[in-house]
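Notes follow once the structure below has been shown.
The values are calculated or read from the model by the stated rules, or taken from the named source; none is laboratory data. Worth saying up front: this structure is predicted, and the values here are computed from it rather than measured. When we count neighbours, we look across all protein chains shown, and the Cβ atoms used for this are built from the backbone with ideal geometry, even at glycine.
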Amino acid sequence: MSAARTTTPPPASSAPAGPKDPVDPTWSGGARTSSGGRLKKTGVYALLSIGLLVMAAPFLWMGLSAFKTDRDLTASPPVWIPTEWTFEHFGELLDRLDVPLYFFNSLTVAALVTLSNLVFCSMLGYALAKLRFGGRNRIFALVLAALMVPGNLMLLPLFVLMSKLQLIDSYAGLILPFAAQAFGVFLMRQFMQSIPDELLEAARIDGAGEWYIFWRIAMPLVKPALATLSILIFLGSWNNFVWPLIATNDPGKYTLPVALATFATDPNQSDGSNGMLMVGSLLIILPVLLVFLVLQRHFTQGLATTGLK
């Protein structure tokens, strides 16, 4: 008869495990982490706060200066907070400059350029990502090559082309050269690649046409990309200064940045107009801020999912 097998309990640990605090994450094995981690985190937050303040300071100065009196604008040392809030510069700018007309021109051009890019860039991006046709890779290589060409290098050819087409001093001349940009095609193509091919094939098997698949399946899945493209294109078109300055001779077709720059360099109108220039700059920035606030959630989501497949 075999001897009974005895089991010996495992040796007790020499040091008992310390209690874990589920509330305080700094506890680990009963001992607190060193204060060096906290100091490092505090230093990072302080550094980021300083960077944010440095970046926001010019915009804060501009916004506050729009409500300052001429005495505060020329005070030495500079006065950050107005000693007396005033709206007189808004009225003066409206009297000297046709702000509603120039604002309408800028908004029309920026909105139509953004809308055309959303349509054309998404269509071409979908074709390059999900359709199989001859020369697809060559077309995409052409898009990448266009990204490497400096924009200022294309100003002269574009001006000659618009002159031949008799589109100078027209909305079409301001919109058509930027109706489909290479960056937008590249961005939409990269996002379209993240759509599963199986989903599109299932729709084709069910009898859906390519146009239906594009509008009803692909486009709703790339809303973050559309929001990102909308902000970037609208911002670039709204702030575009060089091309509207070249392509317009009629003051009635000036955009707001061109009109404000022309006003600032005219000695007959801009004498003592620092406050009015601040008001004009504030009017230029406000629509961009509004668009960003409306599309911020989709924009950050698009940036976060850019590299995901």
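General remarks:
- The single condition from (1) modelled with pLDDT of 80 or more; (2) farther than 29 Å from Met276 by Cβ; (3) not charged (D, E, K, R) that Phe59 fails is (2).
- Single condition Phe104 does not satisfy, out of (1) farther than 26 Å from Pro244 by Cα; (2) free of Cβ contacts under 8 Å to residues at least 24 places away in the same chain: (1)
- For region 260-299, a residue qualifies if it is surrounded by fewer than 19 Cβ atoms within 10 Å (Cβ to Cβ), at pLDDT below 75 and farther than 17 Å from Ser230 by Cβ, and the qualifying residues are Asp266, Pro267, Asn268, Gln269, Ser270, Asp271, Gly272.
- Which listed residue, of Ala218, Ala172, is under 15 Å from Gly125 (Cα atoms), small (Gly, Ala, Ser) and within 28 Å of the chain's Cα centre (by Cα): Ala218
- Any pair with Cβ under 7 angstrom, 6 or more apart, that starts in region 107-120 at a residue that is under 18 Å from Arg189 (Cβ atoms) and ends at one that is hydroxyl-bearing (Ser, Thr, Tyr) and crowded, with 18+ Cβ neighbours inside 10 Å: Leu118/Ser230
- If you filter region 120-137 down to residues that are among the charged types (D, E, K, R) and in a helix (DSSP H, G or I), you find that the one that is modelled with the highest pLDDT is Lys130.
- Filter pass, Leu93 being part of a helix (DSSP H, G or I), assigned by TED's automatic domain parsing to the domain that holds Ile284 and either touching a Lys or Arg at 6+ places or on another chain (Cβ under 6 Å) or more than 30 Å from Asp72 (Cβ to Cβ) (or both): no
Quick grid of which residues meet (1) touching a residue at least 12 places away in the same chain (Cβ under 8 Å); (2) in contact with a Leu (Cβ under 8 Å, 6 or more places away or on another chain):
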residue: Phe178; (1), (2): yes, no
residue: Asp197; (1), (2): yes, no
residue: Ala202; (1), (2): no, no
residue: Pro244; (1), (2): yes, yes
residue: Pro257; (1), (2): yes, no
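- Leu52 vs. criteria within 30 Å of Leu277 (Cβ to Cβ), in a helix (DSSP H, G or I) and in contact with a Pro (Cβ under 9 Å, 6 or more places away or on another chain): no
- Candidates Lys41, Lys68 - the one that is not in a helix (DSSP H, G or I), not hydrophobic (A, V, I, L, M, F, W, C) and not assigned by TED's automatic domain parsing to the domain that holds Met276: Lys68
- Those residues of region 188-216 which are under 30 Å from Met148 (Cβ atoms), surrounded by 15 or more Cβ atoms within 10 Å (Cβ to Cβ) and touching a helix residue (DSSP H, G or I) at 6+ places or on another chain (Cβ under 6 Å), in sequence order: Met188, Arg189, Phe191, Met192, Ile195, Phe214
- Whether a residue is over 13 Å from Tyr126 (Cβ atoms) and not in a loop (DSSP other than H, G, I, E, B) was assessed, and Ala227 passes this test.
- Some residue of region 106-119 being among the small types (Gly, Ala, Ser) and either assigned to a loop (DSSP other than H, G, I, E, B) or farther than 28 Å from Gln181 by Cβ (or both): no
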